[in-house]
Structures are given as C-alpha cells and as structure tokens.
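A.B. asks: Got a structure for you, questions after.
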Amino acid sequence: MRHCVQLSPDHTHKQRVGGRGGPHHSGPECPACPGANRVVFRVDGKQMNLLAVLQVRAEGDESWGGLLRFRKGKRCSLVFGLVIMTLVTASYVLSGAHQELLIASPFHYGAFSSSPGAGDGEHPGDMKEHHHQPSVNNTSYVKDYPSVKLIIDSITARLEFTPRQLPDRDDLRRQEPHMFSVIPSKFLPDSRSPCWYEEFPGRNTTDPYLTNSYALYSKRFRATFDALRKAFWSRLAHAAGRHFRLRCLPRFYIVGQPKCGTTDLYDRLRLHPEVKFSAIKEPHWWTRKRFGIVRLRDGLRDRYPVEDYLDLFDLAAHQIHQGLQASSAEEHSKINRITIGEASASTMWDNNAWTFFYDNSSDGEPPFLTQDFIHAFQPDAKLIVMLRDPVERLYSDYLYFASSNKSADDFHEKVTEALQLFENCVRDYSLRACVYNNTLNNAMPVRLQVGLYAVYLLDWLAVFNKEQFLVLRLEDHASNVKDTMHRVFRFLDLGPLSGKQEALMTKSPASNARRPEDRNLGPMWPVTQRILRDFYGPFNARLALVLADEAFTWQKT
C-alpha cells in the first residue's frame with residue numbers, strides 16, 4: 001500500500017531526484033491525498049511508507065522554536081531517535097538491495113511506469129558481453145511483460161509497409177537549386193569516382209577553405225585543411241589564363257547503421273591503397289550539415305553549402321588530378337583506380353531535418369528523403385550497409401550515448417517508455433510517418449526507431465537497385481573479418497592486396513571498443529530482451545524476406 005506525505009510549503013523540495021533513472025518529472029498526485037507530494041520508500045523490492053519508521057507531522061502553527069519548550073530529557077530522546085532512524089535508513093541504502101525513493105513518472109501504461117530520458121560506429125569485439133548475476137529487480141520486471149506485450153501486439157497489428165510516392169527531379173531541383181547548380185549531371189569518363197573540373201576564380205593568394213564550415217567548427221581537422229592549402233595551387237589545372245580545380249563525390253557510401261560496426265569496417269577498408277575517404281570520417285552532410293544541424297538540441301546554424309562537403313574530398317581529388325595529367329599510361333591507370341568513399345552512419349536513417357525545411361508533407365510523411373538527392377546526382381552509387389541484431393544494437397547504443405545512471409534497470413524503463421510513445425503514434429499515423437517523426441524521435445529515451453532496418457531499406461530500394469547494395473551483418477564480420485573484407489573488395493571492384501597488406505587489414509584490433517565501465521554493467525535483463533525481440537521480430541522477418549536471407553531474422557546470431 002502506498003502512503004502519502006502532506007508537505008507544508010516551507011518544507012517542500014523544489015527539486016526531486018529519482019533513484020533509478022536519474023531526474024524524473026513530477027508525476028500525478030497521489031489519489032489518496034489530493035494535492036500532496038508522494039514519497040515512497042522501496043526496501044528489498046517492496047514499497048514501504050517512510051513514516052512507518054518515523055512519523056513526523058508538520059502543523060501549520062508549529063515551528064522549531066516549540067522544541068525548546070520540551071524538557072531536556074525529551075529533547076535528548078527525540079535526537080537519539082532521529083540518529084537511530086538515520087543509521088537504519090543508511091544501512092538499507094548501503095546494503096545494495098536497490099532501495100530507493102520513487103518519484104512518479106508522467107508516463108504510465110497498464111501495470112508499469114517508466115522514466116523519460118533526454119560517432120555511430122561499433123566494433124566486432126562488442127559482441128562479447130560480460131555476464132553478471134541479475135539484480136533482484138529483474139524478477140519484479142517480469143510482471144511488466146503482459147502489459148508491454150499488449151503494446152507490441154497493438155503496434156504489430158498496425159504494421160503496413162507501403163510504397164513511397166517518389167518526387168521527380170524537378171521537385172528536387174526546386175528544393176535544392178544551389179546543389180544542382182554546382183554538381184553537374186555528367187562526370188569525367190576517365191575517372192572511376194564521379195569527378196569534374198570547375199573553374200577556380202581566385203588567385204594564388206586566395207584561401208580556398210577560408211569559409212569552410214568544417215574547418216571553422218572542427219578544430220581537430222584544421223591541420224588537414226592547412227596541408228590542403230599548401231598544396232592547393234600546385235594541384236590546379238591551368239589553361240588560357242584560367243584555373244580549374246578537380247571536384248569529386250564519393251563513388252560509394254557506408255550508409256549505416258550506428259553501433260553496427262561501421263567504424264571498424266571504415267578503419268580496415270581505408271588501409272586498401274585504392275580507397276580514399278573524406279577528410280572527416282563522418283561528415284553527416286547529406287542528413288544534417290546541409291540543413292545547418294550539428295545537434296538538434298542546439299538549434300540550427302548556417303547551412304553548410306555543398307562546396308564545403310566537396311572540399312572534404314580534395315585529398316583524393318588532388319591524387320586523381322595527378323593521374324589524369326600523367327603522361328605514363330601505367331601511372332594513369334593506377335591513379336584511375338582510386339575509389340572515393342564516405343562513411344556517415346546517419347545516411348541511411350536520419351531524416352529528422354525534413355520537418356524544418358519541407359512543408360508539403362503528405363499525412364506526416366516526408367516528401368523528400370536523403371536517398372532522393374544522392375540518386376539524382378549519382379544513380380550508379382554503391383551502398384554498403386552494416387547491420388546488427390537490433391536488440392543488441394539498441395543496448396549498445398544506450399550504453400554509448402547515455403551520460404549517467406546507466407543500468408539494466410534504467411534501460412528497461414526507457415525501452416518500455418519508448419514503446420508506449422511509438423504505439424501512440426502508430427495509432428494515428430502511418431508506420432513511415434512515425435519512423436521519420438522528428439518530435440517522436442527526440443521524445444523517445446532510446447533510439448528504438450534506428451533498428452527498424454526494413455523500413456529504411458525498402459525506402460532506399462525504391463530509388464536504387466538491389467544490386468547496388470551490399471548488406472552485411474556485424475555478427476558475420478566479428479566471426480570472420482577476412483571473409484567480410486573480401487566481399488567488400490569484390491563489391492567495390494578493388495584490386496588484390498599483398499599478403500602483408502591483407503594481414504594488416506584483417507588482423508588489426510577491432511576499432512571503437514566498448515568502454516570498460518560500460519562492459520562492467522553487464523547485459524540487459526532477459527525480460528527486456530524478450531520484449532525487444534517481440535517488437536523487432538516482424539521488422540526482421542520483412543528484412544529477411546527482402547534480402548532473401550534468414551540470417552537477418554537474428555533468430556540465431
């Protein structure tokens with residue numbers, strides 16, 4: 001039974017802190033005591049009235065001055081009682097039995113309550129978890145499952161993978177006229193990567209990167225831009241008193257997903273002598289920077305123009321230019337094999353900016369997606385997707401991005417809250433509208449939507465051919481790095497490596513390792529895992545159907 005404490009205004013705390021999930025918002029008032037602040041004490045998984053230990057009643061006409069009227073013996077007894085109560089309370093807290101003060105959450109559904117919350121790659125070593133004995137709280141969460149299952153069943157009943165209404169090229173041009181004025185419709189035939197020459201109007205004293213937003217806001221990359229400045233003028237083509245610079249776009253994109261091994265794949269692939277990546281591993285230009293987004297919570301900055309993005313490929317463009325100008329056929333052929341890549345793990349899924357810039361939405365669905373613009377310029381682009389069991393991906397994502405109070409307890413509560421929010425959306429809107437709903441995505445305390453791989457892949461396959469995709473699993477990459485890399489080499493038509501080069505690429509340690517303190521938190525609760533498997537199951541089944549590969553159901557990872 002829950003008891004309520006009526007606190008007088010003079011003794012009401014202005015800020016309350018929840019014991020499990022960090023700060024909690026004020027919850028609904030206790031029904032037994034309207035207008036009261038509810039304080040419940042949890043001991044060994046049971047809720048106890050804090051006043052069962054010591055009753056203190058604050059009367060409106062009493063003050064601490066009244067205490068002075070007690071006889072000395074009574075004052076000593078009261079002080080002694082307070083000390084004993086404090087010691088008993090401290091012993092419970094220090095016993096490790098997960099006692100806590102519970103503040104009601106504003107999110108409730110059925111029998112459970114949850115607490116609202118606030119580089120994207122992952123490595124193969126993250127597949128090995130440290131297993132710990134579950135806390136006693138895990139047992140109490142089992143009662144959540146029937147209520148959560150009702151939410152999941154409600155979501156599953158409303159799943160409908162409908163085709164998109166694709167925009168035409170004129171619509172895209174009207175939306176991004178500057179981009180279409182800079183990137184041509186045809187590229188140099190002798191370059192493997194999509195490159196072209198454009199006139200450079202400056203002089204040899206002109207700083208070509210003076211206004212580049214990446215150089216201005218990313219201090220750690222300023223050394224790279226300094227090196228580019230020094231070599232810039234010598235890398236220009238000169239004809240009839242005019243100067244031309246080679247511009248290039250990536251031939252292939254590692255488009256996603258976060259916490260699925262993209263960083264490890266990137267680090268190994270860039271060791272191939274024919275592969276050149278952007279100066280910054282994850283420019284996030286297509287999904288964020290071209291809209292002026294660095295972090296949504298920080299608001300919008302000036303939009304990064306397409307020229308800033310193209311500057312990131314100048315290192316590769318300089319080498320390709322040398323090859324194109326070379327007199328030796330052998331050198332020309334060698335440089336011509338350079339393949340430019342880009343590895344922003346947000347490219348496949350992050351379309352959160354559309355609500356700020358596209359006002360012709362249809363039923364809450366974005367009229368334009370990232371892939372529409374990439375396809376408009378590069379219909380022959382190659383796309384690499386690295387995926388992972390979405391259940392494990394979500395937990396890894398939580399451990400990586402959560403800043404405090406991380407625990408299996410907290411993760412469970414955030415998952416149940418996110419499911420409630422998602423179910424509320426699909427009751428009124430289409431699946432696609434909810435997946436790309438910026439407000440919903442920001443409200444969810446864990447990035448539940450990122451693991452809905454089938455939704456994103458189907459939208460990409462609406463504009464690109466299936467043959468242009470290489471879809472990999474992190475689980476396979478972790479068990480056989482060499483095989484994965486050979487698949488990537490064949491897909492990108494890269495030349496063979498020497499034995500030494502291949503050994504360096506395949507035997508190097510995994511990149512972007514999980515932090516030791518995160519590993520020490522142990523796995524998620526089994527009931528949380530069961531809930532997430534139920535939720536992601538239908539999406540995984542559709543993904544496996546699209547890819548004609550049952551491995552993507554992750555029934556056996």
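The values are calculated or read from the model by the stated rules, or taken from the named source; none is laboratory data. Every value quoted in this text rests on a predicted model; they were computed, and no experiment measured them. All Cβ positions, even for glycine, are placed from backbone atoms using ideal geometry, and neighbour counts span all protein chains on display. Just so you know, the surface numbers come from the protein's heavy atoms only, side chains and all, with ligands and any DNA or RNA stripped out. Shrake-Rupley method; radii C 1.70, N 1.55, O 1.52, S 1.80 Å.
A.B. asks: Give, as ranges by residue number, the residues of the range 241-258 whose backbone N falls under 12 Å from the point 7 Å along Cα→Cβ of Arg229.
C.D. replies: none
A.B. asks: Sticking with this one: Alpha carbon centre of the range 222-290 versus the range 140-178: separation in Å?
C.D. replies: So the two Cα centres are separated by 33 Å.
A.B. asks: Could I ask something else about it? If I model a spin label at Asn424 and His243 as a point 7 Å from the Cα along the Cα→Cβ vector, what separation in nanometres do I get?
C.D. replies: For the pair Asn424/His243, the computed spacing is 5.7 nm.
A.B. asks: Sort 247-253, 208-214 by packing, meaning the average of other beta carbons within 10 Å per residue, with the highest value first.
C.D. replies: On the way: 247-253: 23.6, 208-214: 17.7.
Peptide ranking by packing, descending: 247-253, 208-214.
A.B. asks: Still on this structure, I have one more. How large are Rg and Dmax for the range 380-435 when calculated on the C-alpha trace, in angstrom?
C.D. replies: Both quantities, over Cα of the range 380-435: 15.0, 46 Å.
A.B. asks: Please report the accessible area of Glu160 (heavy atoms, 1.4 Å probe, ligands and nucleic acids excluded) in Å², nearest 10.
C.D. replies: 120
A.B. asks: Counting only heavy atoms of the protein chains, get the accessible area per residue of the range 411-539 (1.4 Å probe) and round it to a whole Å² value. Intermediate values should be presented prior to the final figure.
C.D. replies: Details: 4970 Å² over 129 residues.
Per residue, the range 411-539 has an accessible area of 39 Å².
A.B. asks: How much of the calculated P(r) for the range 317-454 lies past 26 Å, in percent of all Cα pairs? List each step's numbers first, then the result.
C.D. replies: Working: 4182 of 9453 pairs.
So the pairs more than 26 Å apart make up 44 percent of the total in the range 317-454.
A.B. asks: Over all distinct Cα pairs, what is the inverse of the mean 1/r for the range 234-393, reported as the Kirkwood hydrodynamic radius in Å?
C.D. replies: Values: mean 1/r = 0.0569 Å⁻¹.
Mean inverse Cα-Cα distance, inverted, gives 17.6 Å.
A.B. asks: Roughly to the nearest percent, how much of the accessible area of the range 149-281 is carbon and sulfur, given a 1.4 Å probe? Spell out each step's value before the answer.
C.D. replies: Values: 3370 of 6760 Å².
Carbon-and-sulfur percentage of accessible area, whole number: 50.
A.B. asks: Run the accessible area of the range 366-476 with a 1.4 Å probe and give the carbon-and-sulfur part as a rounded percent. Walk me through the numbers on the way to the answer.
C.D. replies: Numbers: 1260 of 2780 Å².
Of the solvent-accessible surface of the range 366-476, carbon and sulfur hold 45 percent.
A.B. asks: Taking the alpha-carbon set of the range 416-492, what are its Rg and Dmax in Å?
C.D. replies: Calculated on Cα positions, Rg and Dmax stand at 16.6, 47 Å.
A.B. asks: A further question follows. Once ligands and nucleic acids are excluded and a 1.4 Å probe is used, how much of Arg542 is accessible, expressed in Å² to the nearest 10?
C.D. replies: 80
A.B. asks: Sticking with this one: Rolling a 1.4 angstrom probe over the protein heavy atoms, how many square angstrom per residue are accessible across the range 228-284? Don't skip to the answer; put the middle values down first.
C.D. replies: Numbers: 1790 Å² over 57 residues.
Normalised by residue count, the accessible surface of the range 228-284 is 31 Å².
A.B. asks: Starting with the highest mean, order 430-443, 229-242 by the number of other Cβ atoms within 10 Å, averaged over the residues of each peptide. Walk me through the intermediate numbers first.
C.D. replies: Working: 430-443: 19.4, 229-242: 12.1.
The peptides rank, most packed first, as 430-443, 229-242.
A.B. asks: Something else about it: What FRET efficiency comes out for Thr206 versus Ala326 if R0 is 30 angstrom and r is the Cβ-Cβ distance? Round to the nearest 0.05. Provide the component values of the computation, followed by the final result.
C.D. replies: Numbers: r = 27 Å, r/R0 = 0.88.
Result of the calculation: an efficiency of 0.70.
A.B. asks: Quick one: net charge around Arg473, please, counting Lys, Arg +1 and Asp, Glu -1 for every other residue with C-beta under 10 Å from its C-beta. Mind dumping the intermediate values first?
C.D. replies: Values: positive: Arg388; negative: Asp389, Glu475, Asp476, Asp549.
Summing Lys and Arg as +1 and Asp and Glu as -1 gives -3.
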